[in-house]
Amino acid sequence: MKQLYVLGARLWRLATRRRSLLILVAGCAAGGVLRAQGSLGAVGDAAVSAAERAVALWALFTAACALCTALDEACLSWHAAALRPGRGEHLASAPYPLPPRDWALYCARLVGLSDSLSQGDAPQVLLVARPRGQRWRRACLYVGLALCAGCLGRAWLADPAPSAAYLLLGQRTPLANSRLICRLDEVAVSRDAAGRAHVQAAWLSLEQQGQWRPLTLRRGLGAVAAGRYLWLGDSREAASVYVQQASGHSVPAYPIDGARPEGDRARVSFTSRQQEQLVAAPQARLLVRLVYYASGPDRGLSAELLDGASGALLAQGRVDGGTTLSTPSYRVTILPEVAVQVRTQPLAERVAWLAALLLIAGGLVAHACWPGRRAWLAVLPDGDLWLLDAAGPPWARGWRRRLAALIAIPEEAPSPPEPPSPSG
């Protein structure tokens with residue numbers, strides 16, 4: 001039984017070591033960066049699933065260790081604060097201004113250790129630590145880390161694909177991993193000196209029970225809908241193609257690769273991997289080839305109008321603010337647009353993230369104001385006082401020397417308050 005207790009104490013100390021938790025948190029951060037960059041997907045689908053599952057389990061294990069550390073910090077008990085053997089140091093021998101136990105507790109209060117727990121009689125072991133309120137505030141840091149790691153692990157296990165979608169103007173688009181269907185009605189875009197688009201606001205319509213509900217998203221300010229939180233992500237370059245007869249009647253156009261458009265106007269977007277898009281107008285026997293160059297001297301959008309039967313080039317041009325390519329029977333209007341990314345996550349998960357950030361911030365402030373301190377003292381039957389062990393950050397160890405000096409040299413310690421004399 002004693003061996004099991006010693007083994008459990010060692011495992012507890014290993015799980016609650018701040019260095020162990022720091023290594024686990026660094027591993028979670030590295031796994032998250034690799035997953036965001038897509039580096040886990042370079043060795044095949046099966047390996048990707050195993051790698052993502054391993055990263056998720058690492059995050060859940062980190063959450064468990066963080067909870068153990070929070071319990072060790074907040075709870076003053078012998079099971080949560082395992083003593084490391086072989087570190088005893090003799091401090092002083094009787095006599096003292098007070099009984100040995102009271103003198104040890106009085107000196108501990110002088111260095112900020114006002115909470116105590118005792119066990120045994122001969123010898124008597126005292127565990128002294130910071131007040132409960134300070135310990136609980138310090139434990140907020142580890143509770144916040146546990147929330148962050150737990151949310152990451154749950155999301156990577158149960159929801160591996162990001163809940164996001166790129167919306168094109170007027171196109172009904174379902175959001176991944178949710179039951180929401182959105183339509184982009186209007187978008188406000190600003191461009192920098194290099195011509196890159198930055199979405200400032202987007203006006204959407206959200207389909208709920210067969211009805212459309214308006215929704216506005218602004219940069220840095222999301223919205224809540226159907227129990228989920230929605231916010232703006234990045235953007236992509238896009239273009240719309242509208243084909244008309246010479247008489248003015250519209251002709252349906254369809255993107256070769258993409259969703260079927262809602263009306264007669266076809267819309268496509270471009271990525272770094274897919275810089276070319278094809279739009280077909282079967283009734284007009286026309287094919288529109290769109291190419292977007294993200295860099296270089298030809299940076300921008302170019303269009304070519306091709307014969308649908310022979311592939312012959314009929315017209316071409318650059319699409320700056322809008323371009324029209326014509327044939328004797330048809331007119332093709334091409335306009336540059338922007339595809340807007342809308343991201344979503346469950347509202348409860350969003351609240352958990354915000355709570356975790358607040359707890360981490362409060363815990364960091366508490367750690368800065370009240371560095372960790374804990375000491376184990378032993379009172380022998382003959383009155384000798386021993387310092388069995390002490391725990392604290394390596395950059396703040398002066399309190400241990402001060403505690404030993406106060407106990408060992410009573411004349412350096414302030415005199416304890418004298419009990420009031422009975423009134424005559």
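What follows draws every value from the coordinates through simple rules; no lab data is involved. Note that this is a predicted model, so its numbers are computed, not measured. Note: ideal-geometry Cβ built from the backbone for every residue, glycine included; neighbour counts use all protein chains shown.
Summing Lys and Arg as +1 and Asp and Glu as -1 over all other residues whose Cβ lies under 13 Å from the Cβ of residue 146 gives a net charge of -1.
Other residues whose C-beta falls under 15 angstrom from the C-beta of residue 340 contribute a net charge of +4, scoring Lys and Arg +1 and Asp and Glu -1. Taken one residue at a time, the phi angles of segment 272-282 give Karplus couplings (6.51, -1.76, 1.60, θ = phi - 60°) of 5, 8, 10, 9, 10, 9, 10, 10, 10, 10, x Hz. Gly and Pro are set to x.
Order of 277-284, 112-119, 68-75 by packing, highest average Cβ count within 10 Å first?
Top to bottom by mean Cβ count within 10 Å: 68-75, 277-284, 112-119.
Over the chain, dividing the summed -39,500 (n - 2.57) contributions of all DSSP H runs of at least 4 residues by the number of residues returns a 222 nm mean residue ellipticity of -11000 deg cm²/dmol.
Farthest towards the positive end of the charge dipole of the chain, among the residues 190, 323, 305, is the Cα of 190, using unit charges on the Cβ of Lys, Arg, Asp and Glu.
Among the chymotrypsin sites (Phe, Trp or Tyr not before Pro) within segment 314-416, which fall in a DSSP loop and have no more than 11 other Cβ atoms within 10 Å of their own Cβ? Here the sparse-neighbourhood loop sites are 395. Peptides 231-241, 307-317, 196-206 ranked from most to least packed by the mean count of surrounding Cβ atoms within 10 Å: 231-241, 196-206, 307-317.
Given the choices (i) 66, 55, 42; (ii) 93, 92, 42; (iii) 118, 53, 46, Cα extents along the principal axes in Å derived from the coordinates of this structure is entry (iii). Dipole orientation for the chain: of the candidates 23, 166, 217, 23 has the Cα lying most toward the positive pole (charges on Cβ; Lys, Arg +1; Asp, Glu -1).
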